[in-house]
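For reference, the structure is listed below as structure tokens.
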Amino acid sequence: MHAALISSFEATPSGRSLREHALDALATAVLVRGEDRRIVYANAAAEHLFALSSRALASRSLDELVAPSAALESAIAKAIAARAPCREQELSLTLGGRPPLPVACTASPLDDGTRVLLEFRPIDQELRALRDERVREQQQANRELMRSLAHEIKNPLGGIRGAAQLLERELDRAALVEYTQVIIAEADRLRALVDRLLGPHRAPACRRMNVHEILVRVKGLVQAEFPAIPVACDFDASLPEFDADPEQLLQALLNVARNAAQALASTASPEIRFVTRVARSVTLGKRRHRLAVAIRIEDNGQGIPDAIRERIFYPLVSGREGGSGLGLTIAHTLVAQHGGTIEWTSTPGRTVFTVLLPLAHEETEGRPT
């Protein structure tokens, strides 16, 4: 708690006390709301969080900074009523039209409760790490299940296919041969489906590569399959080459791009955008990386249905009729094998999948988060 640091704080037009310097050193955003509900103090982290200077924050009401939040108002009311700090482990703040930001919040009453100290700690990276961990655990459980079932499925399929081939040799009517061909084709299709469910087996064969060359190939393949959908590119030419398996990365990016194209089936003016940037201070697999490659694949479709938002990387989960639900699962597995992850945001009219990959192997030896 930082309420003790500021219990006797009074805003002054000039000069900064040792107490204020101490609060500025915190990574947690700190605001003090006065008795008229207006901000009387903001530390440096709060300036960064709200994208406003402390001078611009001063005298604004909290309602001007964030969209109405019942959870935040409840935490403040509880703190004032109990005359003790109230912790909200997770609530969502909407700041100036930006996407909702998950934060951990603590409200602490000051003096007689007329002023309240508010601490906001963004937890979006923590939530993404937990989500990635859940996906990896689920995928591992699925792979173990599929390995157990694969043997039981493939053996009968092999017997069915072999029997159909033997039967075909004994048949002298073309119409009957057609039936055996259907049996053989369906047995092959089911075997291929089981292999796809098991996921990629080969470890990445990494070599130095340029991600833009891969994206140009992905663009060509997508436009060949979906000629009515334009694909725009916004590449950061300063991105250096890095180590990855070109074929596996191509497959992962193609799966995400095809998923975007398929989601645009009912969009009047469909468009896909490929964007590359350098991401800084990124957490991947519970490790902090100084630099990473961020590859964004954006579309202007209807967005991901609410019913599957938490399960989009699980196998056999699809928001499209007739979809196999394996494209994103395989993409996530391939990216994870490279030490990266896939993040996403989705609202009607804009869905963004961001593939994050460590820019250099030495960064993976960084400090765990």
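Of the chymotrypsin sites (Phe, Trp or Tyr not before Pro) in the range 149-257, the ones in a loop by DSSP (not H, G, I, E or B) with at most 16 other beta carbons within 10 Å are PHE235. The modelled label-to-label distance between ALA81 and LEU221, using points 7 Å beyond Cα along the C-beta direction, is 5.8 nm. Label sites at ALA228 and ARG290, each approximated as a point 7 angstrom past Cα along Cα to Cβ, lie 4.9 nm apart.
Provide the gained length on full extension for the span ASP195 to LEU316, in nm with one decimal, where the gain is 0.36 nm per separating residue minus the Cα-Cα distance.
Details: separation 121, 0.36 × 121 = 43.56 nm, distance 1.36 nm.
Value of the extension gain: 42.2 nm.
Cut-off 17 Å, label point 7 angstrom out along Cα-to-Cβ of GLU241: give me the residues of the range 331-355 whose amide nitrogen falls inside. Counting backbone N atoms under 17 Å from the label point, the list is empty.
Taking the Cβ-Cβ separation of GLU73 and ALA51 as r and a Förster radius of 25 Å, what is the calculated FRET efficiency to the nearest 0.05?
Working: r = 22 Å, r/R0 = 0.90.
The value I calculate is 0.65.
Under 13 Å from a label point set 7 Å out along the Cα-to-Cβ vector of ASP111, the amide N atoms of the range 35-50 belong to 35-38, 40-41. FRET efficiency for the pair ARG136 and ARG38, taken as 1/(1 + (r/R0)^6) with r the Cβ-Cβ distance and R0 = 51 Å, rounds to 0.65.
Packing-based ranking of 204-211, 69-76 yields 69-76, 204-211, ordered from highest to lowest mean Cβ neighbour count within 10 Å.
Over the range 184-280, what number does the Rg to Rh ratio reach, with both radii from the alpha-carbon atoms and Rh per Kirkwood?
Working: Rg = 16.2 Å, Rh = 15.5 Å.
Radius of gyration over Kirkwood radius for the range 184-280 works out to 1.04.
Values quoted throughout were computed directly from the atomic coordinates according to the rules given, and no laboratory measurement underlies them. In this text the structure is predicted, and so the values were computed from the model without any measurement. All Cβ positions, even for glycine, are placed from backbone atoms using ideal geometry, and neighbour counts span all protein chains on display.
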